[in-house]
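**Student:** What follows is a single structure, and I will ask about it in a moment.
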Amino acid sequence: MASVHESLYFNPMLTNGVVHANVFGVRDWVTPHKMALLVLLSELGRAGAQLGLLERRRLNRLLLPLLQGPDMALSRLRKAIEECCPQLAGSVHIRLKLMVEGELKDMEQFFDDLSDSFTGTEPEVHKTSVVGLFLRHMILAYNKLSFSQVYKLYTALQQYFQKDEKKDGADDSDMELTNLEELDGRMEKEELDGPLREEEISCSGPLSQKQAEYFLSQQASLLKNDETKALPPASLQKELNNLLKFNPDIAEAHYLSYLNSLRVQDVFSSTHSLLHYFDRLILTGAESKSNGDERYGRNLRYAALNLAALHCRFGHYQQAELALSEAIRTAQGSNDHVCLQHCLSWLYILEQKIFDSCVLLEHSVNKSLHFGLPYLASLGIQSLVQQRVFAGKAANKLMDALKDSDLLHWKHSLSELIDISTAQKTAIWRLYGRSTMALQQAQTLLSMNSLEAVNVGVQQNNTESFAVVLCHLSELHAEQGYFAAASEILKHLKERFPPNSQHAQLWMLFDQKIQFERAMNDGRYHVADSLVAGITALNSIEGVYRKAIVLKAQNQMSEAHKLLQKLLIHCQKTKNTEMVIRVLLSIAELYWRSSCHTIALPVLLQALALAREYSLQYLASETVLNLAFSQLILGIPEQALNILHMAIEPILAHGAVLDKGCAMFLVAKCQVASAASSTPQKKIEALESAVSNLNEAKTYFAKVDCKEQLRDVFYFQARLFHTLGKTQERNKCAMLFRQLHQELPAHGVPLINSFK
């Protein structure tokens, strides 16, 4: 009968040198790695007062991750102990060597001696401490092993130790050819600080339930706060598959697999893992202690809701609508108001893909506040503000709404929503053209400490909000000509959000746009054209717009006009007002280049009306500058100067360096044109003022290395100096103009026909 009982209650398993025994609910089993940890604890108790305070403190900090983490190679364990106390590492190695080279009874005696740690009036280890619980679990698991399992464990321990001895022998031979200090530094960095290598994960064997829970919580936390320190997607999935092989009922492993699949945009695997997660919740009853029918219904409706969110994330709106309808139907049947509010929020997201309506959103915010769901209410307010920004509502009312939502965030310590709100303020100020305010909001978020507790060495708030803010910050620096600083920010973004992470597309797009602008400023249109494909892959609208800009710069007017007209129709349908205005300005410039100045005026007036209607102050100022240029072309420079004074202040206060230079260049042109009918004295004063403005424009253009505009400025200055009779200054400007003119291609377009 002994064999029958053994087959019923024991599941002896030898996998990768690990003996697994699942005994009447015992959730831990003895492995060679845990044997090494037991030896470490035993030697730590023996050392007692011989250890210094600093060494004991280091060992105590090391013990918790060792007890909770997965099994590791003996060499890695020894290195970790040597960092804290080299003497103790030697004692552990000697003790393990004696046990392995001895007999089976030595291991039996070792476990018998472990029980003495709890005896006496002042025991070495308290039974309820972390170390005490670990010792008791190991003793219990060992005592439940049969003789054959004890023998397998001893054999596995010998293999575990011998593998380390072989590795040490290989290292010794390599050290004869390698500097010892360099090797130690490399081992310390790669083995202790870095994540587990793939070969170590694959041979770590099955995890106990506590180890599995620790591993899952650790990786989930890293995916949320610092994805760079989490295991790579392939390695993490391999470890999860190994975990589910020995612990198939751990629902959280399926959910982590779902999150991991989202990292690589794998639709099939993420759907599969999500459905398995809810299946395991229903089967194991891990979510609720209520009756089975209620638990089943709750899991069913939340499974449908999560499935709808997943389909919506991947753009499968019809499937998302079907799943959401099922979630709403089951939630209404169970009178689950919380689930219904989540469904209402997602219903708004699906509805806005078809038409703009804020009725659902306002209803969702009111109901969320009524049922005490501050997170949902705040998300609704954020979405409402975003929608009304694009609808052209008053900026002061929108900022008041964001201020009220911030009060809600701080009241309930909603750290993630605080970040989202600050990032949204940054984007809103950028849309309005207030770069100073956007910079202030970006710096506020970057200097803010997270309210959530994260592990030491983990980047805080490695979220989409921070990616958005850093991208805006890099673009702001690039616009002001600080390309080195922008490159440093992008380098930090690449390290913080690797190319395979879910927010990497943000910095990829901004990086391509900054490179495109630099290539255009430098006159390298072939380089800019090669970057268009990358921008289009990340944002199709931006890509088409940049392609039209390149065609315009290459004097392919008809092709650029066709492309801009198609883009204008598309943006008007999708209500992308900002892009509509930019396209209208580009079309007006095409008309200038084609000498159709009167046709450009209605286009510019349409752009100005849109910019003022939607409170886009910077675009409105830029449109006024274009109107002033049109008036200059039509022969009314005095009127152009009058409206320039209205628009130039926002440009100089918040504009990009290139726009500042173009504005000052335009002022100089208008001054020269208006001085033609003035008295000689006033004409000289106007020309000197124009030269001063051209010097300022030249400084701006040089900052962004805009050679084409610099060439035009030098040409214009040479003409002015010639008129003023300043021969030396004229010759200097003429020489600089000739150098740039030989370097850059000539398009045959008169200078007066180009504003930018």
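**Student:** Multiply the residue gap between residue 228 and residue 47 by 0.36 nm, knock off their C-alpha separation, and tell me the result in nm, one decimal place.
**Tutor:** Value of the extension gain: 61.3 nm.
**Student:** Between residue 726 and residue 527, take the C-beta separation as r, use R0 = 41 Å, and let me know the FRET efficiency to the nearest 0.05.
**Tutor:** 0.60
**Student:** Also, quick follow-up: Given R₀ = 22 Å, FRET efficiency for residue 245-residue 155 by Cβ-Cβ distance, to 0.05?
**Tutor:** 0.50
**Student:** Can I ask one more? Round to the nearest 10 and report in Å² the accessible area of residue 43, as given by a 1.4 Å probe over the protein chains' heavy atoms.
**Tutor:** Rounded to the nearest 10, that gives 20 Å².
**Student:** Another question about this same structure. Calculated FRET efficiency, residue 578 and residue 55, Cβ-Cβ r, R0 51 Å, to nearest 0.05?
**Tutor:** The formula returns an efficiency of 0.25 here.
**Student:** Could you work out how far apart the two model spin labels at residue 505 and residue 599 are, taking each label as a point 7 Å from the Cα in the direction of the beta carbon, and quote it in nm?
**Tutor:** 3.7
**Student:** How much length is gained if the chain between residue 606 and residue 742 is pulled fully straight, taking 0.36 nm per residue apart and subtracting their Cα-Cα distance, in nm to one decimal?
**Tutor:** 45.0 nm
**Student:** Need one number: nm distance between label points at residue 702 and residue 337, each 7 Å from Cα along Cα→Cβ, rounded to one decimal.
**Tutor:** About 6.9 nm, to one decimal.
**Student:** Could you order 63, 658 by accessible surface area, starting with the largest, using a probe radius of 1.4 Å?
**Tutor:** Greatest to least solvent exposure: 658, 63.
**Student:** In what order, largest first, do 573, 229 sit by accessible area if the probe radius is 1.4 Å?
**Tutor:** Accessible-area ranking of 573, 229, largest first: 573, 229.
**Student:** Still on this structure, I have one more. Suppose each label sits 7 Å from its Cα in the direction of the beta carbon; what would the residue 269-residue 677 distance come out to in nanometres?
**Tutor:** 7.4
**Student:** For a test of the definition: using alpha carbon positions, the gyration tensor, and the 1.5 limit on a/c, classify the stretch 32-165 as rounded, prolate or oblate.
**Tutor:** Cα axes put the stretch 32-165 in the oblate bin.
**Student:** Using heavy-atom solvent-accessible surface (probe 1.4 Å) with all chains present, what is the largest-first order of 77, 724?
**Tutor:** Largest accessible area first, the residues go 724, 77.
**Student:** In the stretch 32-165, what percent of the accessible surface is made up of carbon and sulfur (1.4 Å probe, ligands and nucleic acids excluded)?
**Tutor:** 53
**Student:** A follow-up question, please. Subtract the Cα-Cα distance of residue 649 and residue 394 from 0.36 nm times their separation in residues, and report this length gain in nm to one decimal.
**Tutor:** 89.7 nm
**Student:** Still on this structure: Report the accessible area of residue 362, computed with a 1.4 Å probe over the heavy atoms of all protein chains in place, in Å² rounded to the nearest 10.
**Tutor:** Accessible area, nearest 10 Å²: 70 Å².
**Student:** Another question about this same structure. Using the heavy atoms of the protein chains alone and a 1.4 angstrom probe, what is the accessible area of the stretch 51-163 per residue in square angstrom?
**Tutor:** Computed with neighbouring chains in place, this is 54 Å² per residue.
**Student:** Now for a different question. Could you report the accessible area of residue 35 in Å², rounded to 10, computed with a 1.4 Å probe on the protein chains as they sit in the structure?
**Tutor:** 0
**Student:** Another question, then. When Lys and Arg each count +1 and Asp and Glu each count -1, what net charge do the other residues less than 13 Å away from residue 732, Cβ to Cβ, add up to?
**Tutor:** Within the 13 Å Cβ shell, the charges total +3.
**Student:** Can you pull the percent of the stretch 209-422's accessible area that's carbon plus sulfur, 1.4 Å probe, other chains left in place?
**Tutor:** Answer for the stretch 209-422: carbon and sulfur cover 55 percent of the accessible area.
The values are calculated or read from the model by the stated rules, or taken from the named source; none is laboratory data. Predicted, not measured: the structure shown is a model, and the values here were computed from it. Cβ coordinates were reconstructed from backbone atoms using ideal geometry, including for glycine residues, and neighbour counts include every protein chain displayed. These accessible areas exclude ligands, DNA and RNA; they are computed on the full protein's heavy atoms, side chains included. Shrake-Rupley method; radii C 1.70, N 1.55, O 1.52, S 1.80 Å.
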